[in-house]
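For reference, the structure is listed below as structure tokens.
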Amino acid sequence: MSDALGKLYHNKSGQCLERIKTNQTTLQTLQAMIAHGIFGFSHREEWGAGLITHIGSIVRLAMRLGLHRDPSQFSNLSPFEGEVRRRIWSTIDQIDCLSSFHLGIPTAVRSEDSDTDPPRNLLDTDIEEGMSELPPSRPFSASVPIGYLLAKLKLSRVMRRVVEFLNSVQRQPYERVLQLDSDLMEAYRSIPPHLQLNNWHNAPNEPAYVLVQKVQLDTLYHQAVTALHRKYLQEARKNPTFALSQQRSIDSSMTLLRHQATIYREAQPGGCFSNFHGYTITPDSANFSLAAMVLCLYLQYWTRTDQRVPSQIDGRIEEIFQALDTSRQIWNNLAGENHEAGKVGLVLDTMLELLRPKLGLPDRLAPAVDVPVLVDGERGLPQDPTHSGQPASISDVELYTYEDDAKDSNMNTVELNWDAWDSFVQAGDFETAYESLLLGQDSTFPIDELLDPSTSSTV
């Protein structure tokens, strides 16, 4: 579906809702509200307070209809009605969880508020109104489209608990992080084989929508891992107890930047996503910026520590820097379409130019930008070598370079306030950290007064 058609459906569904009483507790009203919300969900300008209010209304109406309770609790519901209700609730469940995750707010539905089972893996033609009982689930395969929803639902239900953990006002024990990490891993490993993003070699032969589904599931998992562990990055530098958080954050952040580069490449003319008009992940997603900041801070740590850089770390520093440099070029390329992308590009310009000499890296790395991609058997799991993939060149894509634009003469003299970026990674407050970069170029400005992590969002 094209953006224009998506906006048309969004506007028309909104007009329909204006003509009915949205406080009427009917499934038809609820489904109309969901359709309106989903079309708005895919448009950047709809994010914010308006979307939060709309999702809240959907959740309240659904709970008033009892969709948060499994149909087996109601003797007056037929098998068909029960399965339809499970499908509707699973959609609401995901919208609530994923919007809360991306906006950094608590979910409207807590984990203990619902006992509705996932719907069965069935075709629409497998269920009908007069049926006396539901058939057993079909095996997971590409021929049963609802399998993607079920895989995403299993992952999002763990993410809901991650959001609850991150938004808790009480400090949680680290054992809770380890348990959530294990649960995320279990959900990730349970993704059906036909939806696993194992490699890109067969991408040209796959339907674009299947490839998008694979990318979305894989990206969602690594976003959740990065968000779960990022608060412990600073502590991991001093306390080996939190070493797992550092490892998991770095590995998932590297995977996310590989996905960003591949998505950007495949969106170019002739790429797998160039003619795809449905909803997909864009290379200027805010989650890619978080991954970049995590990696920048990791490199910065090794420039100020008195410890000798271990050989296994030293061998990976240039690889991480290369991934960041590619990401920087992508963000700057997208700056003309998205103002926020320009901000991230400026931040990476500054960070990488400060880090390059301190890490002993040459002024320019290899002229051809090679992006590691996933190969068979490598999906970013902790025990897997997440940085040993075969490169897929995107050097044929015109990328931004420093020579393309005159840089501010202060760029090489400003000393970046790394504490502000530590705050961003731990609490997600990009704007505060970005302002510290701009104001930090004025040596008379008291940067320390700018930092107030207590006002930051938590996801």
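Assorted remarks:
- Every residue from the stretch 228-278 that is closer than 15 Å to residue 294 by Cα and in a loop (DSSP other than H, G, I, E, B): 237
- Test: residue in the stretch 196-206 that is modelled with pLDDT under 95 and among the aliphatic types (A, V, I, L, M): yes
- Scanning the stretch 196-209 turns up no residue that is surrounded by 15 or more Cβ atoms within 10 Å (Cβ to Cβ), within 29 Å of residue 52 (Cβ to Cβ), of a type in the set (Asp, Glu) and outside the structural domain of residue 244 (by the TED database).
- Those residues of the stretch 19-35 which are modelled with pLDDT under 80 and part of a helix (DSSP H, G or I), in sequence order: 19
- The listed residue being part of a helix (DSSP H, G or I) and surrounded by fewer than 18 Cβ atoms within 10 Å (Cβ to Cβ), out of 156, 72, 143, 137: 72
- Any hit, the stretch 132-139, residues being among the hydroxyl-bearing types (Ser, Thr, Tyr), modelled with pLDDT under 95 and over 25 Å from the mean Cα position of the chain (by Cα): yes
- Members of the stretch 155-199 that are among the hydroxyl-bearing types (Ser, Thr, Tyr), within 21 Å of residue 106 (Cβ to Cβ) and touching a helix residue (DSSP H, G or I) at 6+ places or on another chain (Cβ under 7 Å): 156
- Subset of the stretch 194-208 that is in contact (Cβ under 8 Å) with a residue 24 or more places away in the chain and in a helix (DSSP H, G or I) - its residue that is nearest to residue 276 (Cα to Cα): 208
- Pairs, first free of Cβ contacts under 8 Å to residues at least 24 places away in the same chain in the stretch 259-272, second outside any helix (DSSP H, G or I), C-beta under 6 Å, six or more apart: 267/273
- Here residue 212 passes the criteria (1) surrounded by 16 or more Cβ atoms within 10 Å (Cβ to Cβ); (2) closer than 18 Å to residue 252 by Cα; (3) of a type outside the set (Gly, Ala, Ser) except the one numbered (2).
The values are calculated or read from the model by the stated rules, or taken from the named source; none is laboratory data. Because the structure is a prediction, the values reported are computed rather than measured. Reconstructed Cβ throughout: ideal geometry from the backbone, glycine too, with neighbour counts over all protein chains shown.
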